[in-house]
Amino acid sequence: MSHPVLILGGGIGGITAALELAEAGQEVVLVEKESYLGGNVSQFHNYFPKLCPPSCGLEINYRRIRVNPRITYYTDTTLKQLEGSVGNFKVTLETQPRLVNDNCTACGKCADVCPVERPGGKGVDKGEKAAYIRDGIPFPYMYTIDAGVCRKEACEKCLEVCDSQAIDLDAAAVEIVLQIHAVILATGWQLYDANRLENYPYREDPDILTNLEFEHLMASTVSDQRDLTRPSDGRLPERIAFIQCAGSRDQHHLAYCSAVCCSATIKHVLTLAEHYPGISTEVFYIDLRLTGRNEVLLQKAEKHGSVRMTKGKVGRISRDPSGNQLLIEVEDVMSGSRRVDSFDLVVLAAGMVPNPVPLDLQRGPEGFLEPVQQEGIYPAGSCKRPMDVATTVRDATGAVLKAMQR
């Protein structure tokens, strides 16, 4: 190919595609809208079926990116325009200023003196500073300054303490125009908005988390070697409820099954059983859909004394009169009765939806990209349908084969 292949999305799918192409001899341009590569997986505690941490694969892949001269990557970058056809696409990219340059040694002095915090996510006990390195396994391992919250004119403390001249508060956006042979779309997924679930007071109650927020909470507590606590009062929870299909398989929200939610929840309860054997968990489900090797996880969970499985759709979540406990109302299918039970923490297994892509593309009825697009454009991974990590890696490799044959 006379021109490089553009890969849009720097998560596990995009990284896989970039490495497979580059190690086959092809020039690659990898583009990520966030400040770091790695996507959702880089902030996981572990993933199935082996329940190993993401560092198992991501750190090796990061090293492969660093040493491969055929890969050029841009973070904080979005696609503004794509025109042309296979073999001769013209793309326009826009890179937003990181306000930190490649001189950064990740010493952390800028964050130490930074007086401004970014808003913390739900389930996180504090926000990051405006100068920050993302949690998890970020790449590149250097600081970024959030231009949206940094008070540049009133505060230049980071400039005073940086010994590497790595801070550039006057940096501006840059436009990049490239000739591209083909495009692989690995734009990934995000969670369905749990605020839209009217019968679950997710927005108002700090002790109701999504499965992704709980994943981040587990990752941070284990890595920091601290106790898992409730966001509302800092107390160690004794009972945690996991509610499956929160908005999924529901004509008012997502009509489809997101395929990986059940496996993720079983992974969560097994992780809790390992690190917090005193916490009891209960999983409320319509059906448990674990396939292949993931069925072994379900067998382990069902045998564990601290885990209870209840077939039934949770109708409502509320607070008890004291305000200390969350009350769950559920139709217990197996017993044929209605239950009201109390828990300290509730985790909603929200479904997966595709990230937006700034292109006019063929989409299915649920918004996911169709596998067949204009020649030279190849979707890969969970922008096509919900996928786990292993399936995404395989699918991205398939997209690479398609791109190399055109």
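Just so it is clear, none of the values below were taken in a lab; they were calculated from the coordinates. From a predicted model like this one, the values you see are computed outputs, not experimental measurements. Cβ sites come from the backbone with ideal geometry, for glycine too, and all protein chains shown count toward neighbours.
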Would you kindly derive the ³J(HN,Hα) couplings of the range 378-386 from the backbone phi angles with the Karplus curve 6.51 cos²θ - 1.76 cosθ + 1.60 (θ = phi - 60°), listing them in order in whole Hz, with x for Gly and Pro? 10, x, 8, x, 7, 6, 8, 5, x
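Below 11 angstrom from the Cβ of residue 289, what's the summed charge of the other residues (Lys, Arg +1; Asp, Glu -1)? Could the numbers behind the result be given before it?
Details: positive: 249; negative: 287, 295.
That works out to -1.
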Looking at the chain as a GNM with Cα springs under 10 Å, which of 389, 31, 340 has the largest mean-square fluctuation? 340
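Enumerate by residue number the chymotrypsin sites (Phe, Trp or Tyr not before Pro) in the range 1-93 meeting two conditions: DSSP loop (anything except H, G, I, E, B), and at most 12 other Cβ atoms within 10 Å of the site's Cβ.
On the way: sites: 36, 44, 47, 62, 73, 74, 89; in loops: 36, 44.
Of the chymotrypsin sites (Phe, Trp or Tyr not before Pro), not one in the loops of the range 1-93 has a Cβ with at most 12 other Cβ atoms within 10 Å.
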Phi angles of the range 133-147, converted by Karplus (6.51 cos²θ - 1.76 cosθ + 1.60, θ = phi - 60°) into ³J(HN,Hα) in whole Hz with x for Gly and Pro, give 10, 5, 5, x, 10, x, 8, x, 8, 8, 7, 9, 10, 6, 5
Please list, in order along the range 181-198, the HN-Hα scalar couplings obtained from phi with the Karplus expression 6.51 cos²θ - 1.76 cosθ + 1.60 (θ = phi - 60°), rounded to whole Hz, x for Gly and Pro. 7, 8, 10, 10, 9, 10, 7, x, 9, 9, 7, 4, 5, 5, 5, 7, 8, 5
Working note, the range 297-394: Cα radius of gyration (Å, one decimal) and Dmax (Å, whole number) are 20.3, 61
Please list the non-local residues whose amide H lies under 5 Å from the amide H of residue 190, H modeled 1.01 Å from N, same-chain partners needing a gap of 5 or more. 353, 355
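What GluC sites (Glu not before Pro) in the range 184-278 are in a loop by DSSP, with at most 15 other Cβ atoms within 10 Å of the Cβ? Don't jump to the answer; show the numbers that get you there.
Numbers: sites: 198, 204, 213, 215, 238, 274; in loops: 198, 204, 238.
When the GluC sites (Glu not before Pro) of the range 184-278 are filtered for loop state and at most 15 Cβ neighbours within 10 Å, 198, 204, 238 remain.
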Is it possible to state the helix-based mean residue ellipticity at 222 nm for the chain, with each DSSP H run of 4+ residues giving -39500 (n - 2.57), the sum divided by total residues, to the nearest 500 deg cm²/dmol? What is it? -6500 deg cm²/dmol
Counting other Cβ atoms within 10 Å, which trypsin sites (Lys or Arg not before Pro) in the range 171-239 have at most 10 and lie in a DSSP loop? 226
How far apart, in nm, are two points set 7 Å out from the Cα along the Cα-to-Cβ line at residue 390 and at residue 370? 3.1 nm
One finds the C-alpha centres of the range 341-385 and the range 143-184 to be spaced, in Å, by 30 Å
Rounded to the nearest 5, what % of the DSSP beta bridges within the range 193-350 are antiparallel ones? 40 percent
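For a test of the definition: using alpha carbon positions, the gyration tensor, and the 1.5 limit on a/c, classify the range 200-258 as rounded, prolate or oblate.
Numbers: a/c = 2.92, a/b = 1.93, b/c = 1.51.
Prolate, since a/c reaches 1.5 and a/b exceeds b/c.
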Listed by chain and number, the residues whose amide H is under 5 Å from that of residue 47, excluding neighbours fewer than 5 places away on the same chain and using placed H, are 52
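Under the classification rounded if a/c is under 1.5, otherwise prolate if a/b is larger than b/c and oblate if not, where does the range 193-350 fall, given a ≥ b ≥ c as square roots of the Cα gyration tensor eigenvalues? Before the final figure, lay out the partial values.
Numbers: a/c = 1.32, a/b = 1.05, b/c = 1.26.
Taking the square roots of the gyration eigenvalues as a ≥ b ≥ c, the range 193-350 is rounded.
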What lysines does residue 109 reach when the alpha-carbon gap must be under 25 Å and sequence neighbours fewer than 8 apart in one chain are set aside? 126, 129, 152, 157
Using a Gaussian network for the chain with springs between C-alpha atoms less than 10 Å apart, which of these wobbles most: 41, 307, 174? 174
Choice from 237, 365, 379 with maximal GNM fluctuation in the chain (Cα, 10 Å cutoff): 365
Amide hydrogen neighbours beyond the local backbone of residue 30, cut-off 5 Å, H modeled: 7, 72, 73, 74
Alpha carbon centre of the range 248-296 versus the range 1-74: separation in Å? 27 Å
For the chain, rounded, prolate or oblate, judged on the Cα gyration tensor with a ≥ b ≥ c (square roots of eigenvalues), a/c < 1.5 rounded, else prolate if a/b > b/c? oblate
